[in-house]
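Worksheet: the structure to be examined is printed underneath.
The values are calculated or read from the model by the stated rules, or taken from the named source; none is laboratory data. Bear in mind the structure is a predicted one, so any value in this text is a computation, not a measurement. Cβ: placed from backbone, ideal geometry, glycine included. Neighbour counts: every protein chain shown.
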Amino acid sequence: MSNDGVLHSDDEIRSEARKRLKARNDFWTMLAIFGVVVLILIAVWYFSSGPNSYFWPIWPIFGMSIAAVFVGLDAFGITRRHITEADIDAEVAKMTRRKP
């Protein structure tokens, strides 16, 4: 990526596309592993304590869900945005309009 935050060459564009595709693939892999871990936790809870006991697997499931949300946000571009020259120009325009 060049200093102005804009992708110029085909190699830069292909490299960025490769990173995005890998992030999406890693997200889906993480979700599959997450599902298996959840099933194992629920099975351990069910066979060790039974359905009438405290459902302790909710806490690791909750923690892993938070991680999955952030990985998904990054993988699908919501938090992955490049700063462009237009963004910089707009911010400079906002800053110069303010008067102390």
- Note on the structure: Condition set touching a His at 6+ places or on another chain (Cβ under 9 Å) and either surrounded by 10 or more Cβ atoms within 10 Å (Cβ to Cβ) or of a type in the set (Phe, Trp, Tyr) (or both), scope the range 1-48, selection modelled with the highest pLDDT: answer is Glu16
- Within the set of pairs 6 or more residues apart or between chains, which connect a residue that is in a helix (DSSP H, G or I) inside the range 1-25 to a residue that is at pLDDT below 80 with Cβ atoms less than 8 Å apart? Glu12/Met1; Glu12/Ser2; Ile13/Leu7; Glu16/Met1; Glu16/Leu7; Arg20/Gly77; Arg20/Arg80; Ala23/Arg80
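For residues in the range 35-55 being in a helix (DSSP H, G or I) and of a type in the set (Gly, Ala, Ser), which is nearest to Ala67 (Cα to Cα)? Spell out how you get there, then give the answer.
Narrowing the range 35-55 to residues in a helix (DSSP H, G or I): 35-48.
If we keep only those that are of a type in the set (Gly, Ala, Ser) too, we end up with 35, 43, 48.
Numbers: Gly35: 13, Ala43: 22, Ser48: 27 Å.
Ranking the candidates gives Gly35 first.
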- Message: If I filter the range 49-74 down to residues being in contact (Cβ under 8 Å) with a residue 12 or more places away in the chain and over 29 Å from Leu21 (Cβ atoms), which single residue comes out as surrounded by the fewest Cβ atoms within 10 Å (Cβ to Cβ)?
- Response: Pro60
